[in-house]
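Trainee: One structure, as structure tokens, below. Some questions next.
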Amino acid sequence: MTRITVVGSGIVGLATARAFARRGHDVVVLEKEDDVARHQTGRNSGVIHSGLYYTPGSKKATMCRAGARSMQEYAAEKGVAHQITGKLVVATDESQLPQLAKLAERAVANGVPSRRVTAEEAREHEPHVRTVGAIRVESTGIVDYTGVCRAMADDIRESGGEIRFGTAVLSSREQTGGLAVETTAGVVETDLLVNCAGLHSDRVAAASGVTPDVRIVPFRGEYFELVPDRSDLVRGLIYPVPDPRFPFLGVHLTKMVDGSVHAGPNAVFALAREGYRWRDVDPRELGLSLTWPGLWRLGAKNVVPGAREFVRSVSRKLFANSLAELVPGIGVHDLVPAKAGVRAQAMHRDGRMVDDFYIQRAARQLHILNAPSPAATCALEIADHIVAEMEASA
């Protein structure tokens, strides 16, 4: 029996710990918070992604197709709220149609069932949408990812594993026969360390004697909800055609499992790893971001879209206007604030955002240094990949 220590109880950490525990390993999960899914997992839009957007052949593309199925099956098995709603990606004017066509080609390359639809056909699914043409993806859905995490935590415990809350990792070092992981609650001895710390994954790697190839730069995604008497404007998921100049998908509308409609997120540079508001500032973490040359290079290449995101962050009216491009009639009084999320985006020194899931290996260690969306959809597939890698090298 191998002793496995997993850092982080987001969905990727829990899925990984569950996979190891179900194979008979001695598993402990270390989590600095007092419950599961406190950060990226519990603060996203709850989408089961289809794999539409990702580079063909990438881990995101291949795992997302399988993950959409496995996540739906797992939620059904555990009685976690979920629904396959389908999604529309809509072009709101003629200039977006060439990019929509490219997206349709990528769907084919990735094996994602989808079809081009006319404006009239799109409005059969979403009567209030504005569009001149769209892509319909039937396999996209929604799920309660926090509920999924609670079910995974139960699976871990039932398989003999342990989850220790309020336990932050300070460092780890090699010792005879394994590793000693120093935490705020004492030392944990282990054979293998798997770092799924998300927003803090590069710092955990550095504290474990590894020089990370990339730096985590946090980007806050702010959300609103439609007021209840306007939730009938959206039946499923409505996405814009992504702007190829900017590495995020743009604000969209998502009908959640509870019937509410999530609106967002935008993408603005966060002033702390857990900077969910503009006033959340951590000088040390901010310094780490600002001294990373990649951030400045990214900013120089994205001045206009970056400025647009900032302005939209401080103006609810402009946020509402962006939504009204998708569904006319949405106004500032139709929006109420919802909790924001922070995306743990890994970035190269030259300013390139890491486009795929990214894993860095070391002796007795595996560090997941980039697992943003669609990692929640792919969590069970990522876990199987990690277990296979670790067992192959053991």
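The values are calculated or read from the model by the stated rules, or taken from the named source; none is laboratory data. Here the structure is a predicted model, which is why all the values come from computation and not from measurement. Glycine gets a Cβ as well: all are built from the backbone with ideal geometry, and neighbour counts include every protein chain shown.
Trainee: Within region 183-209, work out how many residues are more than 22 Å from Gln40 (Cβ to Cβ) and either acidic (Asp, Glu) or in contact (Cβ under 8 Å) with a residue 12 or more places away in the chain (or both).
Mentor: Count: 7.
Trainee: Could you check region 1-19 and list, in sequence order, the residues that are in contact with a Gly (Cβ under 8 Å, 6 or more places away or on another chain) and either among the aromatic types (Phe, Trp, Tyr) or assigned to a loop (DSSP other than H, G, I, E, B) (or both)?
Mentor: Met1, Gly8, Gly10
So that you can scan it fast, the table gives a plain yes or no per residue for (1) surrounded by 21 or more Cβ atoms within 10 Å (Cβ to Cβ); (2) at positive phi; (3) small (Gly, Ala, Ser):
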position: Gln175; (1), (2), (3): no, no, no
position: Ala180; (1), (2), (3): no, no, yes
position: Thr183; (1), (2), (3): no, no, no
position: Gly186; (1), (2), (3): no, yes, yes
position: Leu199; (1), (2), (3): yes, no, no
position: Asp213; (1), (2), (3): no, no, no
position: Ile216; (1), (2), (3): yes, no, no
position: Glu225; (1), (2), (3): no, no, no
position: Arg230; (1), (2), (3): no, no, no
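Trainee: Yes or no: Arg349 closer than 21 Å to Phe219 by Cβ, part of a loop (DSSP other than H, G, I, E, B), in contact with a Pro (Cβ under 6 Å, 6 or more places away or on another chain) and of a type outside the set (S, T, N, Q)?
Mentor: yes
Trainee: Which residues, counting only those in region 94-114, are more than 18 Å from Leu253 (Cβ to Cβ) and either of a type outside the set (A, V, I, L, M) or in a strand (DSSP E or B) (or both)?
Mentor: Within region 94-114, Glu94, Ser95, Pro98, Gln99, Lys102, Glu105, Arg106, Asn110, Gly111, Pro113, Ser114 meet the criteria.
Trainee: When you go through Thr167, Thr131 one by one, which is the residue that is part of a loop (DSSP other than H, G, I, E, B) and surrounded by 21 or more Cβ atoms within 10 Å (Cβ to Cβ)?
Mentor: Only one candidate qualifies: Thr131.
Trainee: Of all residues in region 104-156, how many are touching a strand residue (DSSP E or B) at 6+ places or on another chain (Cβ under 8 Å) and at positive phi?
Mentor: Final tally of qualifying residues: 1.
Trainee: Does Asp334 meet the test of being touching a helix residue (DSSP H, G or I) at 6+ places or on another chain (Cβ under 8 Å) and either surrounded by 18 or more Cβ atoms within 10 Å (Cβ to Cβ) or closer than 29 Å to Val181 by Cβ (or both)?
Mentor: So Asp334 passes the test.
Trainee: Kindly provide the set of residues from region 242-255 that are at pLDDT 95 or above and more than 16 Å from the chain's Cα centre (by Cα), ordered by number.
Mentor: Leu253, Lys255 - these are the residues of region 242-255 that are at pLDDT 95 or above and more than 16 Å from the chain's Cα centre (by Cα).
Trainee: Can you pull out every residue in region 20-46 that is surrounded by fewer than 24 Cβ atoms within 10 Å (Cβ to Cβ) and either assigned to a strand (DSSP E or B) or in contact with a His (Cβ under 7 Å, 6 or more places away or on another chain) (or both)?
Mentor: Those that are surrounded by fewer than 24 Cβ atoms within 10 Å (Cβ to Cβ) and either assigned to a strand (DSSP E or B) or in contact with a His (Cβ under 7 Å, 6 or more places away or on another chain) (or both): Asp26, Val28, Ser45.
Trainee: When you look at Arg230, is it in a loop (DSSP other than H, G, I, E, B) and within 30 Å of Glu325 (Cα to Cα), yes or no?
Mentor: no
Trainee: Moving on to the next point. Scan region 317-336 residue by residue and report those that are assigned to a helix (DSSP H, G or I), over 17 Å from Gly250 (Cβ atoms) and not hydrophobic (A, V, I, L, M, F, W, C).
Mentor: Lys317, His333, Asp334
Trainee: Just one of Pro218, Pro212 is more than 21 Å from Thr131 (Cβ to Cβ), touching a residue at least 12 places away in the same chain (Cβ under 8 Å), within 20 Å of the chain's Cα centre (by Cα) and not in a helix (DSSP H, G or I); which is it?
Mentor: Pro218
Trainee: Exactly one of these conditions fails for Arg115: (1) assigned by TED's automatic domain parsing to the domain that holds Gly236; (2) at pLDDT below 95. Give me its number.
Mentor: Only one criterion is unmet by Arg115, namely (2).
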